[in-house]
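What follows is a short report on a single structure.
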């Protein structure tokens, strides 16, 4: 609809600038969104995407530049003004209230009421209509939002946008919390929205998704738009990566160096089970080998990892590291035996965000540096500095507060923790979640290096491409069972999805 | 304020060609450091002393009165040190006041005092510490292994220990008649009462334990992110038990100090001390949600409240007025703390 005759843009942003203190977050961003299109905004973490969103949703005021809405220059003074114009935002950290029902959430802030008395029935009826417009008329408006998965909460957030008569919906990395199936569903919903003439600004750094859902792309790098309104279909991926990172990424995955066939099994898992979650999981990992666990969310892949680590107590089976059986359900036993876990939720399970970097790096090892229980912080800092250097962690300051680092650097801290510990077995759960493209390649290279140095690695990722690109062997899981074990080189992404979907259907 | 922090951080990525963040100015570093966090407390204490000097100068600004203030602060102070650890780890101990009362009556039971007369006055100290420690152990086990919320577990102990103290003492005041105990604990060293020395030693030991040992690091780690600590191999439950044992132990020390000061044990000793201790800890800058704790702050918190009480008493103001002022100070101090904390801390998301 936007080829040739250029319809008037719904939103037209020119030369937007914004700085915080001494930091120039935006240095000139252009963005032009047409009615009914999916406009992808692409950029690495920290490129300025969040600042742009917050300006458009009225949370911040720009320092310079203009915003035109339906042809008229506007200032978006606050979030209410943004909603008044018809700009709704679906944040990554969904702003739904868990304790309220779907209908109550949809009309949160603009409740349907007569003289202060809520009209609950009316709210539920209209919520059902909105959900139907989103293709989910079967969701009960009275259901408590806290009981919904992330995908359901996103729907609630979208229904809320519709209830405000939004003309433009900004979605901030909506797929980050979804599995492959849910993402497909999300795309169906997005298409419903655009078919109704609503424009969607879709923020993501997953190129595959943008290919599938996007109409046009604006790329932001270092606070400036490096490309505005590129048609998705005509822009090759390497070009997008170049625009985003300023460098050409020839191959994201480093070449595999398969372990010596004679290498001994370091980790052996035998008939491991947690009742009601998974059962009969057996596999072994040799020194230097990377074994991937592929499967949908709910297949039990993260739970297998956590049970191997002792964070969950198995109901059957055993875990052996270098010939010694681990005492079941004991993280300490696993750590002492040389097993490390980089957990799925980096922030909530992995890091002390308000503590400095070095205390996170040495979280599993600080007693080792201590003499007679007295901490040796100088050595902790020294060791951290070495890790910072070898992992190219930024900023290179052991005392920097961990919460201020980007996702990729936070992930490196977790790897550094286990490198310092000297683990023989490293369990990686979603090591690149929330990590941008550039840092991703670095983390892949690190994982490879670790394997080459003889570490046995088990990798869980919801991105099948990542599992296939890194692993030597792949276990395919569905509904808590191992369907198959194959060499990664014999599999394509399509094969895995096929097996997984068949497996869960069976 | 928080949303601003979020965006700034997400716009300061680790990309190499990005302009370097301006280094923090020395002033900023100072305000962000522990000295800065305590600056508000120093100012508050100085103000109070100023008010005291202005309103009751001749009586207030004497060495004797200063010692009285610190002596008054010392018992709550010792409890507050234990409380600082518990709160830093994200817990709470409401039972310290009751446990103190219980320890005081058990240590002054006729049988105990008789045994102490026959052997050594130290026995009374040991009994008081043992009772406190045991109560802490029960708290810790119920919380860590029974998965009972700390608030409820220690609330139950608050009620239960007070009741037990009444049963044990038959609601009578038990007079300390072991002369050696009184002469030892009511002595002065270098002109300073022993009670104050005990507070100083406990505070110094607490500072060292929190900031310089693996025990302290575990405490902060568990308070900062319990799950991350567990997944890094820290034995969280065991440590939580140790923390409540520590808190119970300090309540036992406080009981001994109370016996020395009042020369009697009664089930009402330590009533509402838990609230004073929590207020002192939080006013001092320890985060109630855990993850950051400061012993120095706690000591200031205790001294501020003790000075306040003293200033009011010197001016013959009623305890009701004191209570109102105390409430106001808690709110003001916490507001101030948040100011300093947010100015000092680097951008966080």
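Structure data summary
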{"item": "Rg followed by Dmax, in Å, when the range A:11-245 is reduced to its Cα trace", "result": "17.8, 59"}
{"item": "Amide N proximity, the range B:151-165 versus residue B:275 label position 7 Å along Cα-to-Cβ, cut-off under 19 Å", "result": "B:151-163"}
{"item": "Segment residue A:77-residue A:271, extension gain: residue separation times 0.36 nm, minus the distance between their alpha carbons", "result": "63.8 nm"}
{"item": "Fewest-first sequence of A:413, B:79, B:201, B:189 by Cβ atoms within 10 Å of each Cβ", "result": "B:189, B:201, A:413, B:79"}
{"item": "Fully extended contour minus Cα-Cα distance, from residue A:133 to residue A:376, at 0.36 nm per residue", "result": "81.4 nm"}
{"item": "Whole-Å semi-axes of the ellipsoid equivalent to the range A:355-422 (Cα gyration tensor, √5λ, descending)", "result": "19, 11, 10"}
{"item": "Rough spin-label spacing in nm, given labels placed 7 Å along Cα→Cβ, for residue A:489 and residue A:396", "result": "3.8 nm"}
{"item": "Residue among B:144, B:128, B:46 with the largest mean-square fluctuation in a Gaussian network model of chain B, springs linking Cα atoms under 10 Å", "result": "B:46"}
{"item": "Highest-MSF residue in chain B out of B:177, B:211, B:316 [GNM, Cα springs under 10 Å]", "result": "B:316"}
{"item": "Compactness relative to 2.2 N^0.38 Å, alpha carbon Rg of the range A:435-506", "result": "1.19"}
{"item": "CD proxy at 222 nm, helix term only [per DSSP H run n ≥ 4: -39500 (n - 2.57); per residue of chain B; nearest 500]", "result": "-25000 deg cm²/dmol"}
{"item": "Chain A: C-alpha gyration tensor shape, a/c 1.5 cut-off, then a/b vs b/c", "result": "prolate"}
{"item": "Order of A:139, B:83 under a 10 Å beta carbon neighbour criterion, fewest first", "result": "A:139, B:83"}
{"item": "On Cα atoms only, tilt of A:407-421 relative to the major axis of chain A in degrees", "result": "10 degrees"}
{"item": "Cβ-based exposure ranking for A:165, A:484, B:276, B:64, in which fewest neighbours within 10 Å come first", "result": "B:64, A:165, A:484, B:276"}
{"item": "Where only alpha carbons of the range B:95-149 are counted, the Rg and the Dmax (Å)", "result": "13.5, 43"}
{"item": "In nm, spacing of pseudo-spin labels at residue A:465 and residue A:117 (7 Å Cα→C-beta vector)", "result": "5.7 nm"}
{"item": "Volume per residue of the C-alpha convex hull in the protein assembly as shown, rounded to whole Å³", "result": "206 Å³"}
{"item": "Range of Cα positions in chain B per principal axis (Å), largest first", "result": "78, 54, 36"}
{"item": "Förster radius 35 Å - calculated FRET efficiency between residue A:228 and residue A:453 (Cβ-Cβ, nearest 0.05)", "result": "0.20"}
{"item": "Candidates B:41, B:332, B:210: whichever shows maximal mean-square fluctuation once chain B is modelled as a Gaussian network with Cα springs under 10 Å", "result": "B:332"}
{"item": "Inter-label distance, nm, simple model (7 Å from Cα along the C-beta direction), residue B:177/residue A:322", "result": "6.7 nm"}
{"item": "Residue A:368-residue A:195 FRET efficiency (beta carbon distance; Förster radius 60 Å; 0.05 resolution)", "result": "0.50"}
{"item": "Cα-based Kirkwood hydrodynamic radius, the range A:1-119, one decimal, Å", "result": "16.4 Å"}
{"item": "For the range A:294-391, radius of gyration divided by Kirkwood radius, i.e. Rg to Rh on alpha-carbons", "result": "1.03"}
{"item": "Where Rh is the Kirkwood radius over Cα pairs, Rg/Rh for the range A:82-194", "result": "0.95"}
{"item": "Cα-based helix-to-principal-axis angle, A:120-133 vs chain A, degrees rounded to 10", "result": "80 degrees"}
{"item": "With Cα atoms, 0 to 90° folded angle of helix B:34-60 axis to chain B main axis", "result": "50 degrees"}
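Values in this text are rule-based calculations from the coordinates and carry no lab data. Given the structure is predicted, the values throughout are model-derived calculations rather than measurements. Please note: Cβ atoms are built from the backbone with ideal geometry, for glycine as well, and neighbour counts cover all protein chains shown.
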